[in-house]
1. Cα to Cα, under 17 Å, and not fewer than 8 places away if on the same chain: which aspartates and glutamates meet these conditions relative to K384?
2. Placing unit charges on C-beta atoms (Lys and Arg positive, Asp and Glu negative, everything else neutral), compute the dipole magnitude of the range 2-411 about its Cα centre in debye, rounded to 20.
3. Peptides 264-276, 341-353: what's the order by average Cβ count within 10 Å, highest mean first?
4. Nearest 20 debye, what's the magnitude of the dipole of the range 335-421 about its Cα centre given +1 on Lys and Arg Cβ and -1 on Asp and Glu Cβ?
5. The range 172-237 to the range 114-133: how many Å between their Cα centroids?
6. Which of the aspartates and glutamates could be linked to K242 by a straight reach, that is with a Cα gap under 16 Å, when you skip same-chain ones fewer than 8 residues away?
7. Just going by the charge dipole of the chain, with Lys and Arg at +1 and Asp and Glu at -1 on Cβ, which of N44, M364, P341 is farthest out on the positive end?
8. Defining a contact as two alpha carbons under 8 Å apart and six or more residues distant in sequence, what relative contact order in percent does the chain show?
Amino acid sequence: MKLMWFHLMPYTELPEDFRERHPSVWVDIHSSLFDPKRAHRMYNDFMDELEYAADCGYDAICVNEHHSNGYGLMPSPNLIASALARRTSQVPICVMGNSLALYNPPPRVAEEFAMLDVISGGRLIAGFPVGTPMDTCFAYGQNPSMLRERYLEAHDLVIKAWTEQDTFAFNGRFNQQRYVNIWPRPVQQPHPPIWIPGGGSVETWQWCAEMDYVYCYLSYYGYKAGKATMDGFWAEMDRLGKDRNPYRAGFAQVVAVAESRQQAIDLYTEPAEYFFNRCLHVDPRFASPAGYSTEATQRAGLESMVKKAANAQSLIMGDKTNRGMTMADFVDRGYVVIGSPDEVVEQLNALADDLNVGHLMLLMQFGSMGKELTQYNTRLFAEKVMPRMRTRFAEWEDRWWPKPMAEAERATIPAFRQAAE
């Protein structure tokens, strides 16, 4: 099993009355809530945390793309990844975005991902999400009924830009370019491994199988809630005649570990309640615009994580005080894997058994969690949980993992990182 450290980079200082006074953390969140000087500290702490995870031996560090929100401060994950490519030397870097339909022209993605792959010496995992409706349709103004078609065309253009040796012309419905000839070219050939974040669309499952891409279910509601979606994914793989190699799939899970279960509850209650009650406070009017979900997905009764987050507001707001759910609710529903190292291992083994997922993306900084607590969570997991999970799925080959340059061929890492590594 690959254990990957995933950072959302949430704004950590939303006010206590945020949910009462603001309809959504996404799209129309008010600019007065953002303090650039405070965010300067946040960004640098977040990058320290990612680099610390690399030092602790996680299999990869992960970033992603979102817009117009206080849930994730990464409108350009490539900027973060470029810094990580210089300040780390061994760890793969998973960019769980770019949202292809938002780039005009799409070869910009091919160029920037190629740059990242070259700078890092072939350590890039390239994520191609369709994107949330808040990011794509409301923040960036894309037509929801054309989004997937635009995305697929952009994907084809990026792949051809990576693999075609000669300058070529591209004439699509949304993109027309007389000369496509990207420089630089990626280290990994024919291109970096491609992973597709998804929320449960039948078409995405089928497309991942057809293209031999990794399907990543970015669930923020835990492996218990994610079982129905992953069962559907594996049933579709069976129907298509694909093997059940667990490395075909990825899954995101909030994890909180301490020396004892009670200590974990004490340490992580505040950031968990901040995360689920403020960072996931999504107005339902932004969650599912007409035309965004396909007919097949609707017939299958599947909902994206965004729609689930919006629907959860009715549950969260069930009491008149509007205080939100508590840590007891999150633990009871399985949103958070929490406890002592032994208890976390037990829960993650259950996740591995139930979901058959070989790439586990760990949310170990969540909500308002500060750097010191994040590093404690990260270190304790690395020391007492990770060694006991790595043997899972050892019988399977991970064909979707980066293939970097030989270490002797790579540039010398900067002196400021040599001391740490």
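1. Cross-link targets: D55, D59, E259, D342, E343, E346.
2. On the way: 40 positive and 51 negative charges, 107 e Å.
About 520 debye.
3. 264-276, 341-353
4. 340
5. 12
6. E203, E210, D212, D231, E397, D398
7. Toward the positive end, the furthest listed residue is N44.
8. Details: 776 pairs, mean separation 95.7, N = 421.
The value is 23 percent.
The numbers here are math on the coordinates, done by the rules we state, and not lab data. This one's a predicted model, so the numbers in the text were calculated from it and none came from an experiment. When we count neighbours, we look across all protein chains shown, and the Cβ atoms used for this are built from the backbone with ideal geometry, even at glycine.
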